[in-house]
Amino acid sequence: MVEGSGASITVKVIKAESVRQHLGKKPDVAVHLRVNVGGNPQSLHQSLQKSTAISNTISPQWDQTFVLPVENPKASQLECSLWDESDEQPSAEKANFLGEVILNLAKLVPYSGKYIEQVFDIKQGKTPVVGDNKASGKLKLGLTLKLDGDEAPAPAPAQATREVPPPAQATRAAAPPPAQATRAAAPPAPAAPAGDSEQVKPSQLRTRPAPEPLPEPQPGYLPKVGPSPTMGTLVVSVQGGSNLPKSETGQSPDPYVVLSLEGTSKQAIVARTATVRRTEHPDFREND
């Protein structure tokens, strides 16, 4: 991917919680956003972007989206600072700075083009603390970093192969079971010799066809087989899993297992285990 002036960061300012009070009252909270390179604003002729000020609250909700250009994603930082807008001309003693969130954009480069939602701690940073007015709370952001030259991912090839029916399915459906057609016309078989009652009758040996070979397994589907002379029950014991991957935001998954059984009926039999919350090593212990 090529890095240049075509790169950008889309920031959705969602909400904040437990923001500190200012001057003994709830503030009118606004978020200021800009991109820094080495601690200094970058030279892309961009002005500081500001959210709407939410009045008289320590838990504001904005749901506002901003797009900021990025010169060098691997060396840049996103700065989101919170301010009390109730005092239009604050003095040095009042210090209406409420805290900040600084994010190194290099961490988002491997997830270019993907939307990531995360909650960040609001910190004091390098701004001096005035009195007991130290920053506190959390800020929730939605982030999408787009690098210059990003392309849409190619579709998975496995989806194309699943639409092709298995070769064995088309030939078996057209031909009736050979054993049923010949048994109706066969004459009664002679009685079996004494002492050999469990032998197969000669007429059955003449009319029974050779077993048809199963098709070679193809990628992307399970081969279907012909009808069975008897009905049965398949018991699957879902025990568990281990070392499942975490999500892109580092959270443990909520895994479950889906079982599908295809036969001669038009609809496949589908079963699903219960969901095990927040674990990479699920233990299902459930029969389906």
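Look at the range 224-251: where a residue is farther than 30 Å from residue 281 by Cβ and at pLDDT below 65 and a partner is in a loop (DSSP other than H, G, I, E, B) and open to solvent by 100 Å² or more (accessible area, probe 1.4 Å), sitting 6+ places away or on another chain with Cβ atoms under 8 Å, you get 224/262; 225/214; 226/212; 226/264; 227/264. Each residue in the range 252-283 was checked for being at pLDDT 75 or above and in a loop (DSSP other than H, G, I, E, B), and 16 pass. Of everything in the range 110-144, what is open to solvent by less than 30 Å² (accessible area, probe 1.4 Å) and not in a strand (DSSP E or B)? Give them in sequence order. Of everything in the range 110-144, those that are open to solvent by less than 30 Å² (accessible area, probe 1.4 Å) and not in a strand (DSSP E or B) turn out to be 112, 122, 124, 135, 137.
This table checks each residue for (1) open to solvent by 40 Å² or more (accessible area, probe 1.4 Å); (2) of a type in the set (D, E, K, R); (3) modelled with pLDDT of 95 or more; (4) assigned to a strand (DSSP E or B).
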| position | (1), (2), (3), (4) |
| --- | --- |
| 63 | yes, yes, yes, yes |
| 68 | no, no, no, yes |
| 83 | yes, no, no, yes |
| 93 | yes, yes, no, no |
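The values are calculated or read from the model by the stated rules, or taken from the named source; none is laboratory data. Remember, it's a predicted structure, so these values are computed and weren't measured experimentally. Note that each Cβ is placed from the backbone with ideal geometry, even for glycine, and that neighbours are counted across all protein chains shown. Heavy atoms of the whole protein, side chains included, go into the accessibility calculation; ligands, DNA and RNA do not. Shrake-Rupley method; radii C 1.70, N 1.55, O 1.52, S 1.80 Å.
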